[in-house]
1. Need one number: the % of Cα-Cα pairs in the range 583-641 sitting beyond the 16 Å mark.
2. Once the Cβ-Cβ distance between HIS586 and HIS359 is put in as r, and R0 is 30 Å, what FRET efficiency do you end up with, to the nearest 0.05?
3. How far, in nm, would the chain grow between VAL178 and ARG371 when pulled straight, counting 0.36 nm per residue and subtracting the alpha carbon separation?
4. Defining a contact as two alpha carbons under 8 Å apart and six or more residues distant in sequence, what relative contact order in percent does the range 324-384 show?
5. Are there GluC sites (Glu not before Pro) in the range 338-437 that DSSP marks as loop and that have at most 13 other Cβ atoms within 10 Å, and which are they?
6. Summarise the accessible area of the range 583-641 (1.4 Å probe, protein heavy atoms) by the percent that is carbon and sulfur.
7. Please state the shape class of the range 311-363: rounded when a/c is under 1.5, otherwise prolate if a/b exceeds b/c and oblate if not, all from the C-alpha gyration tensor.
8. Report the gain in length on full extension from GLN505 to GLN630: 0.36 nm times residue separation, minus Cα-Cα distance, nm rounded to one decimal.
Amino acid sequence: MKSKNVDVKIPEAQLEAEDRGAEEERPREPDSNILDLSSDYPRDKHISIQRHLADLEKLADLREDERKPCPLCPEEKFKACYSHKLHRHLQNLHWKVSVEFEGYRMCICHLPCRPVKPNLVGDQTLSKMGAHYHCIICSATIVRRTDMIGHINRHVNKGETESRFITVRAPKSSYQVVKESATDVQVLPNHSTPQKTDSYFNPKMKLNRQLIFCALAVLAGERKPIECLDAFGATGIMGLQWAKHLRSSVKVTINDCNENSVTMIKENCHLNKMKVKLNSREEDNGETMGNGEESSDTIEVTKMDANVVMHLRSFDFIHLDPFGTSVNYLDSAFRNVRNLGIVSLTSTDISSLYAKAQHVALRHYGCNIVRTEYYKELAARAVIAAVTRAAARCNKGIEVLLAVALEHFVLVVVRVLRGPTPADDSAKKVRYLIHCQWCEERVFQKEGNMVEENPYQQLPCDCHGSMPGKTAVLLGPLWSGALFNTGFLRRMLLEAVQYGLDEAQPLLKTLVCEAECTTPKHFSTHSPGDENKQEECGVYIRTPNTSAESYLVHGKRKSEEVLRSAAKRQRAEHSAEHPPFYYNIHRHSIKGMNMPKLNKFLNYLSEAGYRVSRTHFDPMGVRTNAPLAQFKTVLMKYSTPTYVGAQAEGPVHLPGEIQVGEEVPAAAAIKVEEAKLAEDDKSGVAAAVFTESYPTHCAAE
């Protein structure tokens with residue numbers, strides 16, 4: 001080492017000892033100040049965390065020097081000064097750029113502190129840092145102020161408001177108690193916008209939970225007791241509702257892989273006076289029951305991966321509700337589910353299912369989809385196709401009981417049928433869809449492996465012949481079968497009425513009408529065609545009906561042939577599937593024409609001889625077996641023209657035989673308009689205006 005042009009040789013051992021001593025003394029500078037703090041300040045907090053600016057000045061008073069140094073800056077950066085300069089320095093350089101949290105200020109620190117990364121346990125590499133902040137909760141060192149604010153917000157969202165440890169749980173006073181369907185659950189303050197590792201509770205999914213409860217209640221009426229699994233418990237709200245209302249009919253297992261969620265599920269079980277069963281032991285506020293006792297108010301809570309728990313045990317009812325897609329758990333769900341059991345899954349990855357991220361839908365579901373007017377039903381059929389393929393890999397078939405696609409989720413409920421024959425029958429219903437991009441006409445591809453020369457011939461429209469280039473796109477593979485089971489939906493509606501589930505009842509009524517493809521005015525709780533025993537997948541279901549009494553005439557029963565023919569007719573009525581997909585009445589409206597009301601339009605289509613109903617997928621959608629050309633013809637027939645002149649909208653008023661307020665066919669309205677224009681102005685301007693308003697009719701004439 002050279003000093004003042006004089007070479008001085010120092011032994012290497014002495015150099016290493018000095019470096020080691022310097023490294024040991026460097027991180028101890030802030031700790032020496034902490035030891036001298038007053039007793040009212042928490043010792044686990046850093047020196048830069050204070051409540052008031054005067055507390056920082058008091059730290060400088062601990063020094064014996066006449067001039068006071070800054071407690072948050074090294075001496076080589078800020079030399080000691082008098083009190084008024086120190087006050088200005090602390091206020092402008094430390095206090096104004098601090099981060100506030102629960103009355104404390106995390107001031108910026110310039111001391112050579114040891115860097116501590118957030119959410120990391122263990123020793124860190126020793127190095128000097130520039131200006132930084134110390135977290136009041138986990139003691140992490142963060143350089144930027146904006147990053148520090150985001151770091152604190154993440155702690156708050158997780159419920160971590162205590163210092164010293166990262167994994168400390170929030171006190172019970174910070175939890176919120178939410179009540180739903182007579183079930184109380186504790187939720188985190190960030191239950192509506194959680195992090196990925198937090199317990200999630202979404203109040204907007206209440207309708208989803210009610211539909212799943214009705215499906216489970218119907219299954220519990222067929223056989224009992226049944227073992228049901230909530231694979232992603234989160235707060236445990238769904239499993240608690242099952243056990244609290246269905247009692248001894250179900251044996252509930254709530255699973256979650258997150259330790260905080262499992263602890264919250266246990267607390268919610270105790271909050272609802274339910275016993276918790278863990279590893280063949282039952283806990284009830286510290287009390288342990290005997291090994292031979294089995295209580296109806298007992299919930300089994302497990303902490304493992306959902307795929308593992310479904311591989312280890314068999315269940316009658318499985319519900320999957322993960323973050324995003326559920327395709328990663330389908331193989332495990334169908335591996336051990338019992339015969340005639342039910343698997344329900346909720347998919348919340350609506351960005352991919354609703355064709356906003358088409359590449360993600362292709363990656364997860366192996367399905368090619370585009371944004372169409374019936375995109376919600378397209379999403380439901382894509383999910384069912386993935387379920388069908390997963391079940392077929394386990395030699396199982398499915399029957400779709402319910403498929404709902406709303407704003408926040410896609411819910412699919414299927415019944416499992418064991419055996420290769422049901423698996424083959426279900427796999428045959430997965431087909432491709434031919435969709436015309438010009439007129440929105442669509443048709444499922446025919447069965448068979450033979451390649452057609454012109455697949456456009458399968459479409460009812462003639463857009464390919466009249467338009468240049470390729471006009472259609474191939475979508476899928478999609479589920480081509482029925483989306484609803486009428487008998488199952490009717491029993492779900494009865495369960496919803498019995499348990500007072502008000503939000504699910506209107507939707508279930510719409511689903512029943514949609515499954516039968518009928519209008520709401522023809523809806524009844526018990527269909528006149530119901531048999532005394534209705535068969536669904538080998539399970540006989542009793543429905544209240546007095547149809548057997550109609551076969552008794554003065555104490556005598558009609559002949560067996562009459563009974564047999566009536567049964568065949570009723571089975572044919574039940575087996576009639578609803579038409580696939582729907583049309584949006586606004587999408588196909590005619591320019592310059594006022595459409596009829598939706599309910600009146602349904603009656604017009606029904607009078608024309610077509611099956612018709614509304615759909616829950618689209619409030620302005622019409623599910624019908626009528627082709628698009630006939631749909632537009634009926635819509636055109638009962639639409640009234642919009643006036644170009646003084647009267648802009650409303651029904652057409654005609655003199656003579658037609659009375660005011662009656663709906664007028666479009667052709668008659670056009671003739672009257674022509675007569676008026678001819679009388680008012682015989683110049684070419686009026687004719688041009690009329691031709692611009694009704695180009696289709698003028699071209700036809």
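The values are calculated or read from the model by the stated rules, or taken from the named source; none is laboratory data. Just so you know, these numbers come straight off a predicted model, no measurement behind them. FYI the Cβ positions are ideal-geometry reconstructions off the backbone, even for glycines, and counts take in every protein chain you see. These accessible areas exclude ligands, DNA and RNA; they are computed on the full protein's heavy atoms, side chains included. Shrake-Rupley method; radii C 1.70, N 1.55, O 1.52, S 1.80 Å.
1. The answer is 34 percent, as a whole percent.
2. The value I calculate is 0.55.
3. Extending this stretch completely gives an extra 65.7 nm.
4. Averaging sequence separation for qualifying contacts and normalising by length gives 28 percent for the range 324-384.
5. Here the sparse-neighbourhood loop sites are GLU407.
6. Numbers: 1340 of 2650 Å².
Reported share for carbon and sulfur atoms: 50 percent.
7. Note, shape of the range 311-363 comes out prolate.
8. On the way: separation 125, 0.36 × 125 = 45.00 nm, distance 3.31 nm.
This chain segment gains 41.7 nm when fully extended.
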